[in-house]
Amino acid sequence: MEASNQIIQIKPWAEEDLNLLFQINSPEMMQHLGGSESEEQILKRHKRYLELGDRGRMFSVIVLPEYEHVGSVGYWETTWNGESIYETGWSILPAYQGKGIATNAVKLAIDEAASMNKHKYIHAFPSIDNPASNAICRKLHFQLLSECEFEYPPGNFMSCNNWRLSL
């Protein structure tokens, strides 16, 4: 998929992606997600990503031909308002933002989720204060259902938009 003259791909999360997770954990990257995590929290997150199994999938986002890892994207099962759904989320390093990479990576992850034929919907819950992530939802034709309070990380409540896309 092309993004501003760059071709991207998504690759299943692997052991060697731990360094990328530490890069994503910067204060700038985590400002809409409750702040940076401790090293212990990052190691636990990495383990969860590796062990998602049939409950979802995390990917590293790679720019080609340089094969540079520039972010993450994924989907996972959750329950929202009593309904079993997929949730999606993404993070692209600052130097690569604004180039269409995140939009293309989310589209590829949605295609993967849809191919599982497991859930009717995929939701995204970006902070209402995150214009870039909300713009991605609009570009990919998610339907804005409502504003909501969302707990992420545990113990931190934030105001989010509830976007939904039919798979």
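Here are the numbers for this structure:
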{"read-out": "Cα shape, segment 115-165, gyration tensor, a/c 1.5 rule", "value": "oblate"}
{"read-out": "Ala95-Glu39 FRET efficiency (beta carbon distance; Förster radius 22 Å; 0.05 resolution)", "value": "0.40"}
{"read-out": "Cα gyration tensor category, rounded, prolate or oblate, for segment 97-144 with a/c compared to 1.5", "value": "oblate"}
{"read-out": "Relative contact order, percent, the chain [alpha-carbon distance under 8 Å, six or more residues apart]", "value": "20"}
{"read-out": "Chymotrypsin sites (Phe, Trp or Tyr not before Pro) restricted to DSSP loop in segment 47-88 with at most 14 other C-beta within 10 Å", "value": "Tyr67"}
{"read-out": "222 nm mean residue ellipticity, helices alone, for the chain (DSSP H n ≥ 4; -39,500 (n - 2.57); rounded to 500)", "value": "-8000 deg cm²/dmol"}
{"read-out": "Karplus 3J(HN,Hα) series, Hz, for segment 78-89 with 6.51 cos²θ - 1.76 cosθ + 1.60 (x for Gly, Pro)", "value": "8, 10, 10, 6, x, 10, 7, 9, 9, 10, 10, x"}
{"read-out": "Point-to-point label distance, Leu50-Ala114, nm (Cα→Cβ direction, 7 Å offset)", "value": "3.2"}
{"read-out": "Cα-based reach from Lys47 at 20 Å (exclusive), listing aspartates and glutamates while leaving out same-chain residues under 8 positions away", "value": "Glu15, Glu16, Asp17, Glu37, Glu39, Glu77, Glu87"}
{"read-out": "Rounded if a/c under 1.5, otherwise prolate or oblate - the chain, Cα gyration tensor axes", "value": "rounded"}
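None of the figures in this text is laboratory data; all of them are computed from the coordinates on show. Please read all numbers here as calculations on a predicted model, not as lab measurements. Reconstructed Cβ throughout: ideal geometry from the backbone, glycine too, with neighbour counts over all protein chains shown.
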